[in-house]
Structure formats: structure tokens, C-alpha cells
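Visitor: Take this structure, written in C-alpha cells, and hold onto it; I'll ask about it next.
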Amino acid sequence: MTVKIGILSVAHMHAYSYASAVNALPDTELLGIADHDQARAESAAKTFATRAFGSYEELLAAGVDAVIVGSENVRHRPLTEMAAAAGKHILCEKPLATSVADGRAMLAACKTAGVQLMTAFPCRFSPAMVRLKSAVDNGDIGKVIAIRGTNRGRCPFDWFTKLDQSGGGAVIDHTVHVTDLMRWLLKAEVTEVYAEISSRMFQQEFDDTGFLTLEFDNGVFATLDSSWSRPKSFPTWGDVTLSVVGEKGVLTLDMFSQNLVLYSDKTGGVSWSPWGSNIDELMIAAFAKAVASGSPLPITGEDGLAAAAVSFAAYASAKAGKPVAPEVVL
Amino acid sequence: MFRVAIAGAGGMAHMHASCYTANPNACVVGVYDKRPDAAAEMAGANGATAYAGFAEMLEAARPDVVDVCVPTPWHVDYVVAAAEAGLKGVVVEKPMGRSVEDCERMAAACAASGTPLFVAHVLRFFPEFAEAKRQVDAGAVGTVVTVRTRRGGSFPRAWENWYGKPDWSGGVILDLVIHDLDWLRWTFGDVERVFAKGISPKLPPDSEVNSDYALITLKFKSGVIGHVEATWADPGGFKVGFEIAGDAGLLESNFNQPAGVPFVAALQRGAEAGAAVAVPESPTAVNPYYAELDHFLTCLASGATPSITPKDGCEAVRIALAAFESAQTGEPVVLP
């Protein structure tokens, strides 16, 4: 069957990539786009050859099977609650919520409505990450001791740096992907977070730099650089890397290293041209397949909230100047 | 011509000896090691005499300079003895000492006898690290906000497995990334606080390990945030790299290059061979180890102050031991 998908807000740039994936996949159909910014909805609808709806309610009533929430972070909760009430399965952009209370409300709304909630963590679908996980699961490096992770990027500005819409700067934006990968890999929860956070890159009210140290309930320790520290001139948007240190070896992941290097006199610079697999498309395909078959979604809302809670703990740690335990969300 | 006597005949002693031998202003006149065979071999390779005792070597070889390359906990004994012998200069391999108190004792003994003491933080003479500092100082990346370094490879095998005894070597935090800690302090100034996690600090003091790993976060007084990765747990070969991110750019060495290889498995294959520390090589016209020792000899000849002071050596040890303590207690450690 074809899964009919609606997109609730395209405020987040990832929503464009998801829309493109929905159009590209054989068993999904992009039924339409709604946005509280009508002009943005219409412009995106034109780009993806679909219909712009005048309101979220109209789109939810138009016969979609599932929705993608691609709004500003603080709107994840109301849009998820609205979609759940309409009986639609939901793929929500990360971070799932900007507070534990909002996240719990989202989980409760979906449970009450009997719909499934998935957090958009496309990195789990990276073939290199899948390969790394299978090596860990296979015991290739024995017991895992420590992980060094990074998720850096250029500063996205726009609403991402407006705290009343984003809930935080670089740390909330870039902690969750790699924290999720670590939780998934270790099958363990974070028990302690220490963070050094600064705003020295842009000297504004939002945080742009975060170095986190995590301790897991199985004794593994990890660090994560979640900074917006790539300059405009960096040859690509950023990175996701992991170095997983085990008793019998080390596994390294550089998720977005499959690139051509382009030296261009047209742009006057060096850029990397990616040729790796499209992980957004792999994620949308897995979401749609689970919706179509009625099977559990591969990533849950709980996963999203657990990762977001680590970013909240990072802010609390930086404020307190000492390690902090994240709120237990599950 | 500086007559150099070397205490210790391990991996780094060999490197230093070959640099003195190659230097037209120096020659190795004596080698002392607890292991007579090792001392004889290194002495033979450098046209020097092997001695059965350190005091005997000072007496008989009449050195101008003593270079201390014994395992870390014994640096203090040899440096203090050399200071009291009234030499022209003393070189001590990094880390300067096993404790801040040891470092201060060495500095005080050398100051008391007026003996210049040089801590061999060779990283400052590695061209990419020296050039990075020049670029940072010139404002190439604007105001620096973050800096990350990584260093290490497989576990180093040496005499009595002394690297594997955290009591002796201090593990990767003290022995290995003291290089980066000194370079970071040289480039970004003093450290305000340290937070670290690691394997060896969590073990009983008399433990013996065959691998070690640590992740250190540094907050500098300037506001810069640093991250240091230290590994003796990577069978994938020795790797060194760094990146410095500022508000106007990013400077890196061997850090973010697109290899087109997003997954690498480096697995242990039984007992690893290798007798000494893996020493990174950078094929440039001048060997960095030669450059650091030549710098000291040149300063001795001219009376100039060497670019690395005993205080530098002491402060690097202080940062490393703060990281070690943080990894033991689970709390950040604020430096004085």
C-alpha cells in the first residue's frame, strides 16, 4: 500500500530532505504540507509538487496515514498532540521536546490516541553505523570501554538561535543524534552528564559550543562535541563521528566522509560533494514500512526524550559546574 | 663541544643519543642504565662509554650536560644529583616528574646551583604544532573557542612494563598527552579547570595495565574549551591530530580529512610486539628531537633562556595530575 504522508511545518531544513525522500520512495506519497507560515507552506508545496493546506487541521483531515513534524522545536509538542488526537502516526524532528514535561505530554498523547511516535534519528540508518553496530554486537572489540563522539556543524541561525523557539543553541541541537547512537549501541542509559558550554563563537545569548562527558549505567564513559564550530568556509556542513574503544580494538565511524573533494574556481573554494547513501531516505522508508504493516516503529518517542534529557542535563551541569544526572524519562 | 652523559638507555634515550651524535656541537661521552647490556649497546652505537653507576659516570665521564631519560618516577633523583654536580645544563625527558612536588624539587635544585634545566617537550619543535601556534598567534582563526587534540596508538612495551604501571608512568594522561597539555598551555594559556574520564585512574594504585584510554575536557582561563583524547588502546597505528576552531576559521592537522572510509575496525591480533614507545615521525629536513636538543645546547652556549622552562614542565604535570584526579573522583578539578 502507498503511505500517504503530510508534513506539519517545514521550519526545520531537514523537513525539505524528508519531503524529497517521500517523493522519491515508491511506496509513499506526499499528500500535502501545512505551516503556520502560509507562504513557507506554499513555497515548499511548489518545490515538492504537492498541495499547501491552509491549516494543520485541514491537512490532518485530508486522509493522511502519517505525519512528519518539521517545526521549530517548541512547536513539536502542540503539533504532535494535534496529530495524535487526529489518530495519525508521527515522525517528529529532533530534539523531541524542549523540556521533559513537554516530552512526557507527547508520549502520553500518543499512547492515549493509540498512535506511534518516532523520533527522527536518521543516523541510525547510516550503513556505516549499521556496520559498526553489528561489529560491536558481534563482540569484535570485546567489552566497550569508552566512546569519543562528535556532531559539529555550522551555525544554522534563523529560529535555531532564538531560544524561545529552539529551547537552546548548539547543545540541544547537536547532543541528541550522537547520544541516541551511543544509547542504541550500548543498550544503556546515561547516568551522569558533565558539560563545558560557551557562547564565545558568536558572542550572543545562545550557546554555540558544548563539550559533554557522559557516563552510562554499564560503566562506559564518553565525550561528545556538540558545537556549531564549523566556519562558513568549512568544505561541508559538519560531521558525525564515533570512536568506540573496546577491550580488543577500536571501531571508528566518520559518517559523512564519503565525499569527492571539489576545488572550484566558480565558487572560489573547496567543497566536499557527498556520494554516501541518503540516510534521510532510509529513515523515511523504514518509517513508512512500519506504518504500512502496522509494526512497531524502529525508533520511539522515548528514545527521543531520553536523548533530549541528556542535553537538558548538559545545560544544568554547565550552570552548576559539576556532573548532573539526567532526568529518568522511561 | 658539549660532552653529554645520558641516564637511561630506553627508546627515548636512543633518540636523544642519536641527536647528540649527529650534532657537531655535542658528543655522547657516557651512558648509564640499570641494565648493563642496554647501556653497552647504546654507548657502542654512539662512541661513548657505558657506566655501571650514575655517580661513577658523572665522576669519570666529566659531562657538561646530563640528559635524564629514565622512567618518570626517578627523574627527580637523577636531576637533583646532576644539579648538585655543577654541570652546564640538565635535560629531563617529559613528563618532568611523577608529582608536582618532584617537579618543584628539580626546579629548585637546578635554580640553587645555577644549572639550566630543560624539559624535553618535543612537541613544540614538531613543525605542524609550532606552525599552528604561529597561526593562532597571528589570528588566523580569529578568537579561539574550541581546541581538540588526539594522540596515541597501541600500548607501548618497555622495561618492567613501566608504562603499564600507572603508579610509575601515570598512564596515558601523564605519560602520553603531557605533550598536548604542554602545547595547549603554550598556545592557549593557563588552564582553569579540568574534567576527565579514564581507565587507569579508576584502578587500584598498584595495578598493571596493557592498555589505557582517557578523555579530558579543559576549560582555559581565556574561555577556550579543550578536549584531549589519549589512547594506548588503538591497534590501528599511532595517530596524532588536532583542530582549533575560532570565530573566523578552523585550523586542523590530520583531523577532518574525508577519507571516503566511514568505518574502520582496528582489532588486536594476539599479543602485540614492539619493544619501545611508538615515536611519531615527520619527515622534515630537521628531526624535531634534534631541534629541541640543539635549541638547548645553543642556549647554553649563548647564555640565552631556553624556550621551555622548568615552570612549563611543572605546570604541564600539574594539569595532567589534575585530570588524573578528576578521573578518580568524578568531579572537576580547579587549578590554582
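Visitor: How big is the B-A contact in terms of buried accessible area, both chains counted, 1.4 Å probe, rounded to the nearest 100 Å²?
Guide: Details: alone 14320 and 14100 Å², together 24520 Å².
When B and A are taken together, about 3900 Å² of accessible area is lost.
Visitor: For every other residue with a beta carbon closer than 10 angstrom to the beta carbon of A:His14, add +1 if it is Lys or Arg and -1 if Asp or Glu, then tell me the sum.
Guide: Numbers: positive: A:Lys94; negative: A:Glu93, A:Asp280.
It works out to a net charge of -1.
Visitor: Starting from the range A:190-277, pick out the trypsin sites (Lys or Arg not before Pro) whose DSSP state is loop and whose Cβ has at most 16 other Cβ atoms within 10 Å.
Guide: On the way: sites: A:Arg200, A:Lys232, A:Lys248, A:Lys266; in loops: A:Arg200, A:Lys232, A:Lys248, A:Lys266.
In loop regions of the range A:190-277 (DSSP not H, G, I, E or B), the sparsely surrounded trypsin sites (Lys or Arg not before Pro) are A:Lys232, A:Lys248, A:Lys266.
Visitor: In the range A:129-172, which residues give up 50 Å² or more of accessible area once the other protein chains are added, compared with their chain alone (1.4 Å probe)?
Guide: The answer is A:Arg148 - residues whose exposure falls by at least 50 Å² when every protein chain is included.
Visitor: Per DSSP H run of at least 4 residues, take -39500 (n - 2.57); add these up for the protein assembly as shown, divide by its residues and hand me the 222 nm value, nearest 500 deg cm²/dmol. Before the final figure, lay out each step's value.
Guide: Numbers: 20 runs with 232 residues, N = 666.
It lands at -10500 deg cm²/dmol.
Visitor: A follow-up question, please. Projected onto the charge dipole of chain B (+1 at Lys/Arg Cβ, -1 at Asp/Glu Cβ, origin at the Cα centre), which of B:Gly142, B:Leu267, B:Gly10 gives the Cα projection farthest towards the positive end?
Guide: Checked the options; the winner is B:Gly142.
Visitor: Tell me the per residue accessible area of the protein assembly as shown using a 1.4 Å probe; a whole number in Å² is fine.
Guide: Spelled out: the 1.4 Å probe surface of the protein assembly as shown, per residue, equals 37 Å².
Visitor: Calculate the FRET efficiency for A:Val328 and B:Ala111 from the Cβ-Cβ distance with a Förster distance of 60 Å, rounded to the nearest 0.05.
Guide: On the way: r = 55 Å, r/R0 = 0.92.
Once the sixth-power term is evaluated, E becomes 0.60.
Visitor: Work out, step by step, the length gained on full extension between B:Asp137 and B:Gln328: first 0.36 nm times the residue separation, then minus their alpha carbon distance; give nm to one decimal.
Guide: Working: separation 191, 0.36 × 191 = 68.76 nm, distance 3.48 nm.
Computed gain between B:Asp137 and B:Gln328 is 65.3 nm.
Visitor: Next question. Give the shape of the range B:79-182 as rounded, prolate or oblate, defined through the alpha-carbon gyration tensor: a ≥ b ≥ c are the square roots of its eigenvalues, a/c under 1.5 means rounded, and otherwise the shape is prolate if a/b is larger than b/c and oblate if not.
Guide: On the way: a/c = 2.45, a/b = 1.31, b/c = 1.87.
Verdict is oblate for the range B:79-182.
Visitor: Now for a separate question. When the distances between all Cα atoms of the range B:2-120 are binned every 5 Å from zero, what whole-number percent does each bin get?
Guide: 2, 14, 26, 26, 20, 10, 3, 0
Visitor: Can you give the local net charge around A:Ala44? Use residues other than it whose beta-carbon is closer than 13 angstrom to its beta-carbon, Lys and Arg +1, Asp and Glu -1. All intermediate terms of the calculation are to be shown ahead of the outcome.
Guide: Numbers: positive: A:Arg40, A:Lys46, A:Arg51; negative: A:Asp35, A:Asp37, A:Glu42.
Surrounding charge for A:Ala44 is 0.
Visitor: A drop of at least 40 square angstrom in accessible area, chain alone versus all protein chains together, probe 1.4 Å. Which residues of the range A:194-232 meet that?
Guide: A:Tyr194, A:Glu196, A:Arg200, A:Met201, A:Phe211, A:Thr213, A:Phe221, A:Thr223, A:Pro231
Visitor: For chain B, give me every cysteine whose Cβ has no other Cys Cβ within less than 4.7 Å, ordered by residue number.
Guide: That list is B:Cys19, B:Cys27, B:Cys69, B:Cys110, B:Cys299.
Visitor: Would you please name the GluC sites (Glu not before Pro) within the range B:201-265 that are DSSP coil residues with at most 15 other C-beta atoms within 10 Å of their C-beta?
Guide: Working: sites: B:Glu208, B:Glu229, B:Glu243, B:Glu252; in loops: B:Glu208.
Here the sparse-neighbourhood loop sites are B:Glu208.
Visitor: Turning to a different aspect of this structure: Rank B:Gly152, B:Ser211, A:Gln116 by how far each Cα sits towards the positive end of the charge dipole of the protein assembly as shown (+1 on Lys, Arg Cβ; -1 on Asp, Glu Cβ) and give me just the farthest.
Guide: Looking along the dipole axis, the top candidate is A:Gln116.
Visitor: Express the carbon and sulfur contribution to the solvent-accessible surface of the range B:2-120 as a percent, rounded to the nearest whole number, probe 1.4 angstrom. Intermediate results must be reported in sequence, preceding the final value.
Guide: Values: 2280 of 4280 Å².
Carbon-and-sulfur percentage of accessible area, whole number: 53.
Visitor: Another question about this same structure. Count charges around A:Leu181 for me, please; just the other residues with Cβ under 11 Å from its Cβ, Lys/Arg as +1, Asp/Glu as -1.
Guide: Values: positive: A:Arg124, A:Lys133, A:Arg183; negative: A:Asp180, A:Asp303.
With Lys, Arg at +1 and Asp, Glu at -1, the neighbours total +1.
Visitor: Follow-up question, since we're still on this one. Quick check: from the Cα gyration tensor, does chain A come out rounded (a/c under 1.5), prolate or oblate? Mind showing how you got there, number by number?
Guide: Numbers: a/c = 1.40, a/b = 1.29, b/c = 1.08.
Rounded, since a/c falls under 1.5.
Visitor: What is the mean number of Cβ atoms from other protein chains located within 10 Å of the Cβ atom of each residue in peptide B:244-257, rounded to a whole number? Intermediate results must be reported in sequence, preceding the final value.
Guide: Working: counts 1, 10, 4, 7, 4, 4, 6, 1, 1, 0, 0, 1, 12, 6.
If you average over the peptide's residues, the count of other-chain Cβ atoms is 4.
Visitor: Binned at 5 Å from 0, what are the whole-percent values of the Cα-Cα distance distribution for the range A:238-330, short to long?
Guide: 3, 10, 10, 11, 15, 17, 14, 11, 7, 3, 0
Visitor: Now a separate question. Just report the Cα centroid separation between the range A:1-74 and the range A:242-272, whole Å.
Guide: Here the answer is 32 Å between Cα centres.
Visitor: May I pose another question? Let's test this: bin the Cα-Cα distances of the protein assembly as shown at 20 Å from zero up to the farthest pair and state each bin's percent.
Guide: In order of increasing distance, the bins hold 18, 46, 26, 9, 1 percent.
Visitor: Within the range A:135-250, how many Lys pairs that are eight or more residues apart, or on different chains, come under 22 Å at the alpha-carbon? Each step should come with its number before you reach the end.
Guide: Details: A:Lys143/A:Lys187; A:Lys143/A:Lys248; A:Lys162/A:Lys232; A:Lys187/A:Lys248.
Lysine pair count for the range A:135-250: 4.
The values are calculated or read from the model by the stated rules, or taken from the named source; none is laboratory data. Owing to the predicted nature of the structure, the values given are computational and were not obtained by experimental measurement. We place every Cβ from the backbone using ideal geometry, glycine too, and count neighbours over all the protein chains shown. Each accessible area value is taken on the protein alone, full model and side chains, heavy atoms only, with ligands, DNA and RNA left out. Shrake-Rupley method; radii C 1.70, N 1.55, O 1.52, S 1.80 Å.
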